[in-house]
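Below: one structure, written as C-alpha cells.
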Amino acid sequence: MKKFLLAIVVFPFLLQGQVTFNKRMRYDYSAAVLTGIIATDSFYYATSIIADTVFPYKTGTAFLKFTLDGELSDIKATLNTQKTYEAWFDNFLQLPDGGFATPGYSFDTTTSTILIRYTTEGDTLFTHSYFNPNAPTYTFIQPRGGMVTTSDGGFLLANAIGSNHSNAINYLIKTDSLGNIEWDYIYFDTKWNRPQSLIATPDGKFIVGSIKTNQNVTNSNYTFQCHIFQVDSLGNKEWEYLSPVSSGLRDSANDMILQDDGSLIVASGVGHEIESSSQNTVYFEKMVFKLSPSGELAWQVKFPDIDYDGYSRTTKLLKLSDGTGFLVAGMAYEALPYPKYFAVRGWLAKISYNGDIIWTRQHVYLDDGEDEHKIFDLKETNDGGFIVCGEAKDWASNSIYRQQAWLLKLDGYGCLVPDCQLLDNVVENYVTPIQLVIYPNPASDYLNFQLRNNKLLSNGQFRILDSNGRFIKSFPANSTVGDTFVIPVSDWATGIYFLQFLDLNEHIVAFEKFIVTH
C-alpha cells in the first residue's frame, strides 16, 4: 500500500454523532450468534441463532430490535423442542411493506431449507419448509447462497443440496410472496459445487456465486475454482465464469456487487494446499477482484494473513454510498504462543474503485484462552458509519457462555476507537510518537484501545495495574499497525487502572490511566 505524509482536513459536521460501541451478548440464552443486520434511521434489526436453555436445548432463531446505541429493545424467538431453526445465511431482508424475511434451515428427522416472513414488529407471518428434491435418498439442503426478492414480490433461494452426482450442487427455488414454490432448478455437476452468494439484476435476472472443486473425489491435487453464473427469470443459465485452473486455487464468490456497467466486484480468496498424510487441506487468503462485463479479470487485490488457517476468509462486500470505493469484511487468523494458541479477528478493509487498498482494520480481543470473532454482516448507518454483526467465541477454560452474539458500531473510517484513521497515510520512514488511546473512558463492559504508531511493535506486551500498582493482567502485543484491542472488564472492580505498553526489554514506552465503572 502506498504511503504519503499525512494531511487531514476534518469536517466536524460529518463526524458529529458517530457513536461507536462494541457489545457481546447472549440475551439470557445458552448461546447466541448474530447473522444478519439491517440499519434504519431509528433502529437496527437483526436475525440471531440462539440455543435454548430448556432440555433438549434445541437451537432456534430470533428477531431482534436494537436502539442506535446498541441496546436491545425487543426480541422474539422461534423455538421448538422437536426441531431446530437456524438462520445462518444471507440475506436478512427488509421488504417494501416494511416487513422482513430471512432464509435458514431446520432439522428434525431430516434437513429442510426454511423461509421465515416477519411483520414490521418481528412477529412471524409464516415459515415455509423446502426439501431436497432427491429425498428420501438424499436429504441434505441448506440455503448457503442466501435469498433475494424478485420483481414480482416473491423470493429466490440459492441452496446447496446433496445428490448422487456430488456432495453438494446448486439448487434454486423460486417462490411467490407467500412462499409457495413456482419453479425450482437443479444445476447438476460431477464436482462439488456449492452456492455462496446471490444477487438480483435490475432486469429481473439472477447471478449466483459459488465454488467448484474436486474435493469430493480426491484427497490431494485439488482444483478450487470461483464459479459465477447468471440465470434468467425462469432459472435457465445464460452465462458463467469459472476461474482458470492455471490461476491457482480460488475461493467461492462469497459476496458480489453488480456495477452499473455490468462489471462485478467479487469478495473471494486465494488458496494454498497444505499437505497431510491422509487428506490435504486448503486454506485461503482474502482477496477481492473485478470482472469486466465481458468476464475478463480487470484487477485483483490480496490481503495476506500472518498464518494460514481455515478461519481466514471474506464474508461481506459493500459499495459505499459516498462514492469512495468498497468495504470488504471477514476474518483474519494468527497463531499465537502459549498460553494462547490462535486468534480469529474481525477484519475490514476499504478499497478504491481501482482495487487500491485505502485502509485495513482488525479488532483483536485480549483475554485468556483462544478467541474467535467472526463478521457475518455489515451495513452503512445513517450517521455515515457502519454496523457490524457476527459471532464471538471465548475458549477460556473458565468460560461458562462461550458463544455470544457480537454487535459492533464503527465510524465512517472503520474505527471503534475514534481517530484511528490518523495513521492510515503516514509515510513509512516517519516514526510517529508512541501513544495509547483508550475509548470509552470510563469503561464498563470492554476496554477498547489502540497503540498509535505507524511501525509494527512486535515482541512487546501490554500490562494493566490497579491504582495501588498491583499487577492485574498482561498480554503479548501481537498486532499489525492500527489494530484495535479489546479487553473485557465487566467483572472488574470499579476503580482506577493503568494500561502500559512495554518493549522487548520491559521498558515502559507508553501508559494511560483509565476508569472502570458499572
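The values are calculated or read from the model by the stated rules, or taken from the named source; none is laboratory data. The structure presented is a predicted model; accordingly, all values stated were derived computationally and were not measured. Counting neighbours? That spans all protein chains shown, and the Cβs are built from the backbone with ideal geometry, glycine included. In case anyone asks, the SASA skips ligands and DNA or RNA and just uses the protein heavy atoms, side chains included. Shrake-Rupley method; radii C 1.70, N 1.55, O 1.52, S 1.80 Å.
How many residues are under 23 Å from Ile306 (Cβ atoms), in a loop (DSSP other than H, G, I, E, B), open to solvent by less than 40 Å² (accessible area, probe 1.4 Å) and not polar (S, T, N, Q) if we restrict to the stretch 474-513?
3
Could you list, in sequence order, all residues of the stretch 235-282 that are in a strand (DSSP E or B), among the charged types (D, E, K, R) and within 23 Å of Tyr187 (Cα to Cα)?
Lys237, Glu238, Glu240, Arg250, Asp255
Any idea which residue in the stretch 101-124 is surrounded by the most Cβ atoms within 10 Å (Cβ to Cβ), counting only those that are touching a Gly at 6+ places or on another chain (Cβ under 7 Å) and in a strand (DSSP E or B)?
Pro103
Which ones in the stretch 381-412 are among the acidic types (Asp, Glu), out of contact with any strand residue (DSSP E or B) (no Cβ under 7 Å at 6 or more places or on another chain) and open to solvent by 20 Å² or more (accessible area, probe 1.4 Å)?
Scanning the stretch 381-412 gives a single hit, Asp383.
Within the stretch 125-164, work out how many residues are small (Gly, Ala, Ser) and not in a loop (DSSP other than H, G, I, E, B).
5
Taking the stated definitions as given, is Leu465 open to solvent by less than 10 Å² (accessible area, probe 1.4 Å), at pLDDT 90 or above, aliphatic (A, V, I, L, M) and assigned to a strand (DSSP E or B)?
no
If I go through the stretch 208-234 residue by residue, how many of them are of a type outside the set (Val, Ile, Thr) and in a strand (DSSP E or B)?
So the count comes out to 9.
Which one of these is at pLDDT below 95, buried (at least 18 other Cβ atoms within 10 Å of the Cβ) and of a type outside the set (Ser, Thr, Tyr): Leu366, Leu378?
Result: Leu366 is the single residue among Leu366, Leu378 that is at pLDDT below 95, buried (at least 18 other Cβ atoms within 10 Å of the Cβ) and of a type outside the set (Ser, Thr, Tyr).
When you check Ala349 against the structure, is it touching a residue at least 24 places away in the same chain (Cβ under 8 Å), of a type outside the set (Ser, Thr, Tyr) and buried (at least 17 other Cβ atoms within 10 Å of the Cβ), yes or no?
yes
Being part of a loop (DSSP other than H, G, I, E, B) and without any contact (Cβ under 8 Å) to a residue 24 or more places away in the chain is the requirement here; does Gly323 meet it?
So Gly323 fits the description; yes.
Out of everything in the stretch 147-174 that is within 24 Å of Pro136 (Cα to Cα) and out of contact with any strand residue (DSSP E or B) (no Cβ under 6 Å at 6 or more places or on another chain), what residue ends up being modelled with the highest pLDDT?
Gly162
Within the stretch 39-50, is even one residue closer than 14 Å to Trp406 by Cα and among the acidic types (Asp, Glu)?
No, the stretch 39-50 has no match at all.
Which condition number does Leu297 fail, the rest of (1) closer than 29 Å to Asp371 by Cα; (2) out of contact with any Gly (no Cβ under 9 Å at 6 or more places or on another chain); (3) among the aliphatic types (A, V, I, L, M) being met?
(1)
I'd like to check something: does the stretch 254-262 contain any residue that is at negative phi and modelled with pLDDT under 95?
No, there is no match, as no residue in the stretch 254-262 is at negative phi and modelled with pLDDT under 95.
Restricting to the stretch 158-185, name every residue that is open to solvent by 40 Å² or more (accessible area, probe 1.4 Å) and β-branched (Val, Ile, Thr).
Within the stretch 158-185, just Ile181 meets the criteria.
Among all residue pairs at least 6 apart or on different chains, which show Cβ distances below 7 Å where the first residue, located in the stretch 220-233, is open to solvent by less than 10 Å² (accessible area, probe 1.4 Å) and the second is basic (Lys, Arg) and outside any strand (DSSP E or B)?
Pairs found: Val231/Lys205.
Report yes if Thr35 is in contact (Cβ under 8 Å) with a residue 12 or more places away in the chain, open to solvent by 60 Å² or more (accessible area, probe 1.4 Å) and of a type in the set (S, T, N, Q), otherwise no.
Considered against the rule, which asks whether it is in contact (Cβ under 8 Å) with a residue 12 or more places away in the chain, open to solvent by 60 Å² or more (accessible area, probe 1.4 Å) and of a type in the set (S, T, N, Q), Thr35 comes out as no.
Might you let me know whether the stretch 75-83 holds any residue that is in a loop (DSSP other than H, G, I, E, B), open to solvent by 20 Å² or more (accessible area, probe 1.4 Å) and free of Cβ contacts under 8 Å to residues at least 24 places away in the same chain?
Yes, the conditions are met somewhere in the stretch 75-83.
Could you list, in sequence order, the residues of the stretch 131-157 that are under 26 Å from Thr315 (Cβ atoms) and either open to solvent by 10 Å² or more (accessible area, probe 1.4 Å) or among the charged types (D, E, K, R) (or both)?
Residues satisfying the conditions are Phe140, Gln142, Arg144, Val148, Thr149, Thr150.
Inspect the stretch 269-278 for any residue being under 17 Å from the mean Cα position of the chain (by Cα), aliphatic (A, V, I, L, M) and either more than 30 Å from Pro202 (Cβ to Cβ) or open to solvent by less than 60 Å² (accessible area, probe 1.4 Å) (or both) and give the result as yes or no.
No, that holds for no residue.
What's the number of the condition Lys290 fails, among (1) modelled with pLDDT of 95 or more; (2) part of a loop (DSSP other than H, G, I, E, B); (3) open to solvent by less than 50 Å² (accessible area, probe 1.4 Å)?
The one condition Lys290 does not meet is (2).
Does Leu93 qualify as being of a type in the set (A, V, I, L, M, F, W, C), modelled with pLDDT of 95 or more, at negative phi and open to solvent by 50 Å² or more (accessible area, probe 1.4 Å)?
In short, no.
Does Asp184 qualify as being of a type in the set (Asp, Glu) and within 24 Å of Ile265 (Cα to Cα)?
no
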